[in-house]
1. What shape does region 183-246 take by its C-alpha gyration tensor, where a ≥ b ≥ c are the square roots of the eigenvalues and a/c under 1.5 counts as rounded, a/b above b/c as prolate, and the rest as oblate?
2. Taking the highest mean first, how do the peptides 196-207, 168-179, 232-243 order by number of other beta carbon atoms within 10 angstrom per residue?
3. Residue separation times 0.36 nm, minus the C-alpha to C-alpha distance between K235 and M54: what's the value?
4. What list of ³J(HN,Hα) values in whole Hz, one per residue of region 241-255 in order, does the Karplus curve 6.51 cos²θ - 1.76 cosθ + 1.60 (θ = phi - 60°) give from phi, with Gly and Pro shown as x?
5. Once you've got the Cα coordinates, tell me which of K98/K305; K50/K163; K163/K284; K76/K305 are over 22 Å apart.
6. Starting from 0.36 nm per residue, how many nanometres of slack lie between V148 and A61 once their C-alpha separation is accounted for?
7. Search the structure for amide H atoms under 5 Å from the amide H of L258, placed 1.01 Å from N in the peptide plane, and list their residues when 5 or more places away or on another chain.
8. Considering amide H positions built from the backbone, and no H for Pro or chain starts, which residues 5 or more places from F184, or on another chain, come under 5 Å of its amide H?
Amino acid sequence: MTEFFAEYGLFLLKTVTLVVAVVVIIGTAAAAGKKAAHHEGLEVEDLNKKYRNMASALKQAVMRKADWKKEAKAEKVRVKAEAKEDKPRPRAYIIDFKGDLKASAVPSLREEVSAILEVANPDDQVVVRLENYGGVVHEHGLAASQLVRIRDREIPLVVVVDKVAASGGYLMACVANRILAAPFAILGSIGVLAQIPNFNRMLDNHGVDFEQITAGKYKRSVTMFGQNTDEDRAKLKEELEDVHLLFKGAVARYRPDLDMDKIATGEHWYGTRALELGLADELKTSDELLADLARDFDLFRLSYKIKQPLQKRLMAGADAAMERVDALGWRRRFEDRLPR
């Protein structure tokens, strides 16, 4: 009897623990949903002020008290003098774009660009800190079109790549007046890829028939479940070649001096090599760029937050897992090339 109650108590404890865990998860999700529901709009950060505050905190920690007071007083005089200048300094607007397969950051990018175009002029600059492995063609084409809006207004556009701008990422980057890249950033991959698993033999082995009825000869070519023919594959290849031509045309429009036969092979290159090929204009990280700009420009980082319903955020978790798998594939390809 004692053993029974011990086992029952253990079972009850596990059940209570599970229920509490579920309640905590639901409560956290609900709280996050409530917070997100009341939080949408443009956030603006004064980077010059941020840098000054960081430098001030460090100086206060390392300098003697008398020297620190003297330095702080001089800094106040300098800031006040800048504020009294008749001609305001030009501004640099900073946008961060972290891409995924579906370029899901485009709605925020659209709003950020619209806000900038309301206030910017040709004396200002727009800097996009871009990290993008590429993905779906039409989604990344739309992302690139948002940057074209800046270029068409003749506002200088700089894209800086610290890690990667490949495939659809480079489609975005090439729009810029200048492309800066870290020495080991990855650029290029100007090509088109389609990978489709086919389960036809597995279904056939299990006695499962697959029926596909279309109106229009090429409504569907290569399929995941039916039997593919050489004609189907040839049609898909033709479509990919057409997209590749559009991709090359977009790159050539903004970087006409590139040798397309050499760089539009689907290969990718690291920053130093990308610079030699003309895919980038200068080797520089975003940190170096902003430090340089801060001397002559007022820097403002923009971020447009869009509220997401709970269901969409949960689905985004699954998409993020797929993105991590895809990014891992990229990373392994690159790591295989590193010296051991």
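Since every read-out is calculated from the coordinates, none of them should be taken as a lab result. This one's a predicted model, so the numbers in the text were calculated from it and none came from an experiment. With ideal geometry, Cβ positions are generated from the backbone for all residues, glycine too; neighbour counts draw on all protein chains shown.
1. On the way: a/c = 3.85, a/b = 1.78, b/c = 2.16.
It comes out oblate by the Cα gyration axes.
2. Averaged packing, sorted descending, gives the order 168-179, 232-243, 196-207.
3. Values: separation 181, 0.36 × 181 = 65.16 nm, distance 5.81 nm.
So the chain would gain 59.4 nm between K235 and M54.
4. Once rounded to whole Hz, the list reads 5, 5, 5, 4, 4, 5, 4, 4, x, 5, 5, 5, 4, 9, 9.
5. Values: K98/K305 14 Å; K50/K163 24 Å; K163/K284 12 Å; K76/K305 34 Å.
Violating the 22 Å limit, Cα to Cα: K50/K163; K76/K305.
6. Numbers: separation 87, 0.36 × 87 = 31.32 nm, distance 4.53 nm.
That works out to 26.8 nm of additional length.
7. For L258, whose amide H was placed from the backbone, there are no distant partners under 5 Å.
8. Hits under the 5 Å cutoff: G271.
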